[in-house]
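Beneath this line is the structure, given in C-alpha cells, with notes to follow.
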Amino acid sequence: MNVVASFQVERLEFLGAEGELLAPLPDFARDPEKLVALYRAMTLTRLFDARAVALQRTGQLGTFASSLGQEAVGTGVASAMREEDVLVPYYRDHGALLWRGVTMVESLLYWGGDERGCDYAGPRRDFPACVPIATQVTHAAGVACAMKLRGEPRVAVCMVGDGTTSKGDFYEGLNVAGVWHLPMVVVINNNRWAISVPLHAQTAAATLAQKAIAAGIEGLQVDGNDVIAVHEAARRAIERARAGGGPTLVEALTYRLGDHTTADDATRYRSAGEVERARRLEPRARLARYLERAGAWSGAAEERLRNECTERVEQAVREYLAVPPPAPAAMFEHLYAELPAALRPQREAALRAAGGERERG
Amino acid sequence: MAEITLVEAVNLALAHELARDPSVVLLGEDIGANGGVFRATLGLKDRFGAGRVLDTPLAEAAIAGLAVGMAAEGLKPVAEIQFTGFIYPALDQLINHASRMRHRTRGRLTCPMVLRSPCGAGIHAPEHHSESPEALIAHVPGLRMVIPSSPARAYGLLLAAIRDPDPVVFFEPTRLYRLFRQAVEDDGVALPLDACFVLRGGTDLTLVSWGAAIHETLAAAGALEDEGVSAEVIDVATLKPLDMATILESVGRTGRCVVVHEAARSAGFGAEIAAGIAESGLFSLLAPLERVTGYDVVLPYSRLEMQYLPGVARILAAARRAMKFQ
C-alpha cells in the first residue's frame, strides 16, 4: 500500500505556565511595551467580564457568557488584525470586541437586551456576536470572498468555540474557503467545554486543528493561554491570507473557567479540582509573571492598571444603566429599509398598546 | 420584441443586472459552465466571467451563508438553491441571519441578497424536487417572498428583487419554466414588489393564486366566463409582505373568493389570506371562502402528482359552490 498523503499538526507556544520562555520570542514580543498593551487589554477584559456577571446576578443585565480564562484568545487575535479587516465573532469574544473598538457600553447594551448594542460606532464592518453555532463561519467566507473579488488586501477573521467544530456549516465554510483560496482565518477558542459536553465527548479527533486538513487548508494548534503564541499564530495566518496565501484554521487551547453563561451551573458536570488545575494555567497571571521577570511590570503598575480599568468599567456601567429602553416603535425600525405598507397597521397597534400600558402603569 | 420563456426571462434579468451593477454576483451549484440544471444562468459565466458567476461546492448552508457575508460586505449576491426541496439547510441562514441583519445592527449592516430556487410539482421530477415551501418563508419577518407566474413578471420582479435593499426569496415555478412564451422587452424596468397583480378583471368572484397555479386559475376563469360568471384573478406575486388591500378591495366588490395554491392546505399561505378576509372583509362575503390546495399529504411521486395539484376541475367545483351559495 502506498501513502498518498500525510499530514502533521504543529503546536505553537512561547510562554510556559510559570511565565518561563519555552522558545525564542517572535519579533513583535521583543518589545515589552507591545506585551504590556496586550496585558492591559486582557486585564480590562477580565474586569469587564466580572462586572457583567455581577450585573446579571443583580438583575441589571440579561444572560451573559463569561470569557474568564480565555482572554488571551480574543486579545491575541484581534491585536493581530488591521482596522480594515472584518471580525466575525461568536458570543464569547469580549476581549476581541474591546480591542476592535466596540465599547463596553455597546457590549452591555447587547447583553442587556438592546439591539443598539450591535450598532458599533467603531468597527462599522465587523459582525455582531453570532449566537447560532457555526453559522458565522460561512459569513466570514462570504466576507472574504467579497474582499477577494474586489482585490482588497483585507482579511475576514472568524471566532468559534470547540462545539462549533461538530457542526456541518463549520466544515462547509472551511471547505469553500479552501477551494476559493479565500483571505479568511478561523480561530477556535477550544475552552474544552461546550456547555456540559467535554471535548472528548465532542470529537474523536486528537486535535481540532486537524479539521483543516480535510478542507485542504493550513491548520495549527497554539497554547491559547499564551497570548504571545495566539498573537503570533494569528499574525502569521492573517498576513498569509492578506498576501494571497489562503485560509488558516487556528486552534487555541484554553479553558472555560466560568460557567457557560450566567444561566448555567458548571458544578453540575465538572469537578472543582479540574477547574482549579486549569486556573493555574490561566493566561493573565502567566503573562504578568513573564513581564515582572523581564522588569516590564510591577506591583505598583498592577495596582494602577486595576484602578484605571475598574474606573473605566464603572463609567461604562453608569452610562449603560442610564440608557433608557428603546421606544416601542423601534421594533418596526430597521426591519426593512422602508416599512412595508402591510406592516403599518401593526406598528400603529403596537404604539397604541404601548400607550395603553403606560397609562395603566 | 422577443417572445421568451420564463426561464429565459430569469436569465435575461440576471444578465441585465450583472451588466448594470458591478456589485451583483451569482453563486450556486452548477450555475457556471453548466448554466444551472434548468439553464437559468446559461452563458452568464462566459459573458461576465468566473468572478461574477461562482460555482460553489455542494453545500446549501454555505451558499446562503456566503450570500449573507457577501451582502453585509457590500456585494449584491444572487444565490441559487438548485431545488426548493434542498432549501432547508439554507433556512437557518435566511431565518437567523439574512432576515435579521439590518434589524439587529440597527441598519449598520444589511443583507441585500436574493435567494432563487426552482419550486413546485408537475414536471415528473424525482422526490424532493417538487416542493412549494413558500409559507415557511412568508412566516419570517424581515424577508420578502416572491413568486412570478409569467415571463414578463419573472423579468420585472427579479430585477426588483435584485435591486431591493433587503433579502428576497424568489421561487421560480419549474412547471412554468418552458410552458409558454411571452413578449418581454429587456428594458430594465422593474415591477413593484409588495403588490398583487390583477390579471383579469371580474365582478362575480375573486380567484386568488400565485406561481404555477395561476395557470390553472386563469383557465378556470375562462371556463367560468363561458358559464356566465365573471371571475377576477389576482396573482399575489409577493406573499411577504402581503398586499391584502388589493385582495380586500376585490372581495369587497365580488363577495366571493376562492384561494388556490399548490402547497399543502394546513397553515398554507391560503390560510393567511382567508384570515385577512375574515378580519377585514367578513361582511362583504356572500359565500364561505374556499381553498383549493394541495392535500395535507406527503407530496406524492410523479405518477400521482397531477392528482395532488389543484387542477382546473377542482377550482371550477369550488367556484361553482361559491357562486351557488345563498
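The values are calculated or read from the model by the stated rules, or taken from the named source; none is laboratory data. A quick note: this is a predicted structure, and the numbers were derived from the prediction, not measured. We place every Cβ from the backbone using ideal geometry, glycine too, and count neighbours over all the protein chains shown. In case anyone asks, the SASA skips ligands and DNA or RNA and just uses the protein heavy atoms, side chains included. Shrake-Rupley method; radii C 1.70, N 1.55, O 1.52, S 1.80 Å.
So, in segment B:39-51, exactly how many residues are surrounded by fewer than 20 Cβ atoms within 10 Å (Cβ to Cβ) and either closer than 17 Å to A:H181 by Cα or in contact (Cβ under 8 Å) with a residue 60 or more places away in the chain (or both)?
Final tally of qualifying residues: 2.
Tell me yes or no: at least one residue of segment B:58-65 is open to solvent by less than 40 Å² (accessible area, probe 1.4 Å), within 10 Å of another protein chain (Cβ to nearest Cβ), in contact with a Pro (Cβ under 7 Å, 6 or more places away or on another chain) and not acidic (D, E).
Yes: segment B:58-65 contains one or more residues that are open to solvent by less than 40 Å² (accessible area, probe 1.4 Å), within 10 Å of another protein chain (Cβ to nearest Cβ), in contact with a Pro (Cβ under 7 Å, 6 or more places away or on another chain) and not acidic (D, E).
Here is a list of conditions, (1) out of contact with any Asp or Glu (no Cβ under 8 Å at 6 or more places or on another chain); (2) aliphatic (A, V, I, L, M); (3) within 10 Å of chain A (Cβ to nearest Cβ), and B:L27 meets all of them except one; can you say which number that is?
(1)
Between a first residue in segment B:139-154 that is assigned to a loop (DSSP other than H, G, I, E, B) and a second residue that is at pLDDT below 95 and of a type in the set (D, E), which pairs have beta carbons less than 8 Å apart while being 6 or more apart in sequence or on different chains?
Nothing qualifies.
Is there any pair linking a residue in segment A:164-181 that is under 17 Å from A:E251 (Cα atoms) and more than 7 Å from chain B (Cβ to nearest Cβ) to one that is of a type in the set (S, T, Y) and not in a helix (DSSP H, G or I), with Cβ under 8 Å and at least six apart or on different chains, and which?
A:T164/A:Y90; A:T165/A:T203; A:S166/A:T203
So, in segment A:77-98, how many residues would count as being part of a loop (DSSP other than H, G, I, E, B), more than 26 Å from A:S166 (Cβ to Cβ) and away from every other protein chain (no Cβ under 12 Å)?
The number of residues fulfilling the criteria is 5.
Any residue in segment B:95-109 that's charged (D, E, K, R): show its pairings with residues that are part of a helix (DSSP H, G or I) at Cβ separation under 6 Å, as long as the two are six or more apart or on different chains.
From segment B:95-109, the pairs are B:R104/A:E115; B:R104/A:C118; B:R106/A:E115; B:R106/A:R116.
Just to check your reading of the model, which residue among B:T5, B:T41 is under 21 Å from the mean Cα position of the chain (by Cα) and more than 25 Å from A:R150 (Cβ to Cβ)?
Checking each option against the conditions leaves just B:T5.
Would you tally the residues in segment B:90-127 being outside any helix (DSSP H, G or I), farther than 19 Å from B:K76 by Cβ and within 11 Å of chain A (Cβ to nearest Cβ)?
Qualifying residue count for the region: 1.
Filter segment A:99-124 for residues that are open to solvent by 40 Å² or more (accessible area, probe 1.4 Å) and either touching a Ser or Thr at 6+ places or on another chain (Cβ under 7 Å) or within 13 Å of another protein chain (Cβ to nearest Cβ) (or both) and give the result.
A:W99, A:Y110, A:G113, A:E115, A:R116, A:D119, A:A121, A:G122, A:R124 - these are the residues of segment A:99-124 that are open to solvent by 40 Å² or more (accessible area, probe 1.4 Å) and either touching a Ser or Thr at 6+ places or on another chain (Cβ under 7 Å) or within 13 Å of another protein chain (Cβ to nearest Cβ) (or both).
Scan segment B:66-77 for residues that are surrounded by 24 or more Cβ atoms within 10 Å (Cβ to Cβ) and part of a strand (DSSP E or B) and report the count. So that I can check it myself, show each step before the final result.
Step one: filter segment B:66-77 for residues surrounded by 24 or more Cβ atoms within 10 Å (Cβ to Cβ), giving B:66-73, B:75, B:77.
Okay, now just the ones that are also part of a strand (DSSP E or B), so B:77.
Final tally of qualifying residues: 1.
Read through the list (1) over 13 Å from the mean Cα position of the chain (by Cα); (2) more than 22 Å from B:T293 (Cα to Cα), then give the number of the only condition that B:A220 fails.
It is condition (2) that B:A220 fails.
Provide a single number: the residues in segment A:179-201 that are open to solvent by less than 20 Å² (accessible area, probe 1.4 Å) and under 19 Å from A:A72 (Cα atoms).
Of the residues in that region, 7 qualify.
Being modelled with pLDDT under 95 and more than 16 Å from the chain's Cα centre (by Cα) is the filter; apply it to segment B:93-128 and report the residue that is nearest to B:S149 (Cα to Cα).
Here the residue is B:I123.
Can you pull out the residues in segment A:202-259 that are open to solvent by 40 Å² or more (accessible area, probe 1.4 Å), in contact with a strand residue (DSSP E or B) (Cβ under 9 Å, 6 or more places away or on another chain) and over 20 Å from A:N175 (Cα atoms)?
Passing the criteria: A:Q202, A:R236.
Across segment B:152-164, what is the number of residues that are over 19 Å from B:L136 (Cα atoms) and touching a Phe, Trp or Tyr at 6+ places or on another chain (Cβ under 8 Å)?
Counting residues in segment B:152-164 that are over 19 Å from B:L136 (Cα atoms) and touching a Phe, Trp or Tyr at 6+ places or on another chain (Cβ under 8 Å) gives 3.
Restricting to segment B:262-282, name every residue that is within 21 Å of A:A342 (Cα to Cα) and not aliphatic (A, V, I, L, M). Quick ask: steps written out before the conclusion?
Residues of segment B:262-282 within 21 Å of A:A342 (Cα to Cα): B:267-282.
Across segment B:262-282, the qualifying residues are B:G268, B:F269, B:G270, B:E272, B:G276, B:E279, B:S280, B:G281.
How many of the residues making up segment A:1-32 are over 23 Å from the mean Cα position of the chain (by Cα) and not in a loop (DSSP other than H, G, I, E, B)?
Number of matching residues: 4.
In this structure, is A:V317 among the β-branched types (V, I, T) and open to solvent by 40 Å² or more (accessible area, probe 1.4 Å)?
no
Would you point out which residue out of A:A205, A:A214, A:A201, A:A156 is out of contact with any helix residue (DSSP H, G or I) (no Cβ under 8 Å at 6 or more places or on another chain) and either within 30 Å of B:G51 (Cα to Cα) or away from every other protein chain (no Cβ under 13 Å) (or both)?
A:A201
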